[in-house]
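Worksheet: the structure to be examined is printed underneath.
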Amino acid sequence: MDKSRKVPFEEALNLTGFGKYNYVTLLVNVLVILSVVFEIYSVSYVVPTSACDLQTTVYQQGLIASTPMAGIIITSNFWGYLADTRGRRKIVILSLLLSFTSSTLACFSPNWICLFIFKFISSTALAGTYPLGLTILGEFTPAHKRAMMVAMIGTVFTMSFGFLGILSIPISNLKFSYHVPILDINLVPWRLLNFLTTTPAAIAAFATYLTYETPKFLLSVGEEEKALDVLRRMFEINNGKGRDEYQVHSLFLDESSSEPSKSLWASIKSQTTPLLKPPLLRNTLILSFLFSIVYFVINPFYVWLPVVANAIVQTKNNGQFGLTLCETLRFSENLTIAQSNECAMNSTAMFTVFVVTLVLGSLNAFLSATIEHIGKKRLLICVQIISGLTGLGINFSTHWAMNGVLFLLFLVGILNFGFLCTFSVDMFPTYVKAMAICLSMMIGRGVSVIGINVVKSMLTYNCELAFYCFPALAFVGAFTGFLLPGDKKNEGKENSI
């Protein structure tokens, strides 16, 4: 190859091959995503198991449980800005360490206010870690494998929720209590559970430290030689050849870049403004709307999955058959079960959650492996349609097993969270990519907070209407999916020629 020729970045990345380094990057990001899921969703298990020790009221438990989403909404944009201006790797490490420190301190909370504050700080620290992990993975992966690798993270996200439930079963049912006079607290199982859910953050921070900054970011900030050095190292690891055999000597980034800004807020504005005006405005609106659909329609039902699973099990065990899912939920709610001073988790419900997430995770893994053949746009639309159709069918099923199957298929829509991320890493230039993903997710999580409360209310007071309205919105998401850009076939083959 002519040493004087400047090579487009995507072509240079493709020439590094796809091998060991890419799989190591995937493994590191698995640890990052695991730490995010364990920390963000740990409140679902820590809050009820700590109720007896901290003597929290229902209102106080609700405040603690809402802190993760609130923290994420407040700081997502800020972390996206830092990643686009200071580097992806550095910010991910900082976020993980800050979260680990705060969540560890939460283990020693003497009251619910301290627990609330420490979990809030921890969630704000992790606000941008998930999208940044996806950005890093996308920028290290050749184009022809990118969609598959990013979509695989969706499998990790889905299954991590189930593993968290399995982890909580033995720990929350332990019986021990050790008084610590200096802190005036009792060391009880929920504190151990909280510590175990935060340890992946420390491990992920160390693993991220051992990796490189993404060459695409380095090139976007004018560090061409450093970008070339990372690409050479990737080539060496992936192919087992010497770095001098890598035939790229000069790079250019075939996309627009931002102008440097002097002040912090001016810099944040410079990162956000391009997303809110042409030509990126259309992409921002479409992705933000689709993220909102997935978060608002599916995520609330995913959050209340243990409630639904427990209702089906209770109804069946009490010999009540021939009920729709909504009638099942009402029957379960009317059951009077004496559980005074009992704060352990329901093992049957938690194991059911694990099984459901295992099925969803396995399905996501299969679809991720075939996404290049099916097409990510076609796949996203089909998943939305399946979710909508099965959601509408829930009101017409009167068999407990069919109720469970239809509800599971309705939840398949949660997989589109990962598929949407594959679009995000391709539809925005490098200098605003992390900001764009963080902003889209922030909007989606914002409407999810509303959705969680709306769904809980509707399942209690107007359940049937919920399974008409939300599936209908799933169809809206399917139609909106047609506005996404088409799949670029054989992109990797073209780059390798």
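A few comments on the model shown:
- Segment residue 479-residue 399, extension gain: residue separation times 0.36 nm, minus the distance between their alpha carbons: 25.7 nm
- Debye equation applied to the C-alpha atoms of the stretch 57-133, log10 I(q)/I(0) at 0.14, 0.17, 0.21, 0.26 Å⁻¹: -0.45, -0.62, -0.85, -1.12
- Separation of alpha-carbon centers, the stretch 107-163 and the stretch 202-221, rounded to whole Å: 16
- Packing-based ranking of 41-47, 178-184, 135-141 yields 135-141, 41-47, 178-184, ordered from highest to lowest mean Cβ neighbour count within 10 Å.
- Site pair residue 6 and residue 453 shows an inter-label distance of 5.2 nm when each label is modelled 7 Å from Cα along Cα→Cβ.
- Cα long-axis angle, helix 376-393 against the chain (0 to 90 degrees, to the nearest 10): 10
- Using a Förster distance of 35 Å, the FRET efficiency for residue 86-residue 203 (Cβ separation, nearest 0.05): 0.95
- Subtracting the Cα-Cα distance of residue 20 and residue 277 from 0.36 nm times their residue separation leaves 88.6 nm of extension gain.
- Value of D in µm² per second that Stokes-Einstein yields for the stretch 351-497, Kirkwood Rh from Cα pairs, at 37 °C (0.692 mPa s): 192
- Between residue 321 and residue 224, the simple label model (points 7 Å from Cα in the Cβ direction) yields a spacing of 7.5 nm.
- Of the accessible area of the chain, computed with a 1.4 Å probe over protein heavy atoms only, carbon and sulfur atoms account for 65 percent.
- Additional length obtainable on full extension of the chain from residue 374 to residue 250, 0.36 nm per residue less Cα span: 41.1 nm
- Relative contact order [Cα under 8 Å, 6+ residues apart], the chain, whole percent: 26
- When restricted to Cα atoms, the stretch 38-195 yields an Rg and a Dmax of 17.4, 59 Å, respectively.
- Pairs of alpha carbons in the chain whose separation is greater than 38 Å (percent): 28
- Accessible surface ranking for 399, 144, 1.4 angstrom probe, highest first: 399, 144.
- Spatial extent of the stretch 1-127: Rg and Dmax, with the Cα atoms as the point set, Å: 19.9, 72
- The chain: calculated mean residue ellipticity at 222 nm from DSSP helix runs of at least 4, using -39500 (n - 2.57): -24500 deg cm²/dmol
- Separation in nanometres of the label points that stand 7 Å from Cα toward Cβ, at residue 472 and residue 27: 5.0
- Evaluated over the Cα positions of the stretch 1-49, the convex hull gives a direction-averaged projected area, one quarter of its surface, of 5.1 nm².
- Principal axis extents of the C-alpha atoms in the stretch 375-444 (largest first, rounded to whole Å): 53, 25, 14.
- Note that the chain presents 42 Å² accessible area per residue, ligands and nucleic acids not counted, probe 1.4 Å.
The values are calculated or read from the model by the stated rules, or taken from the named source; none is laboratory data. These numbers come from a predicted model, not from an experiment. As a convention, Cβ positions derive from the backbone with ideal geometry for all residues, glycine included, and neighbour counts pool all protein chains shown. These accessible areas exclude ligands, DNA and RNA; they are computed on the full protein's heavy atoms, side chains included. Shrake-Rupley method; radii C 1.70, N 1.55, O 1.52, S 1.80 Å.
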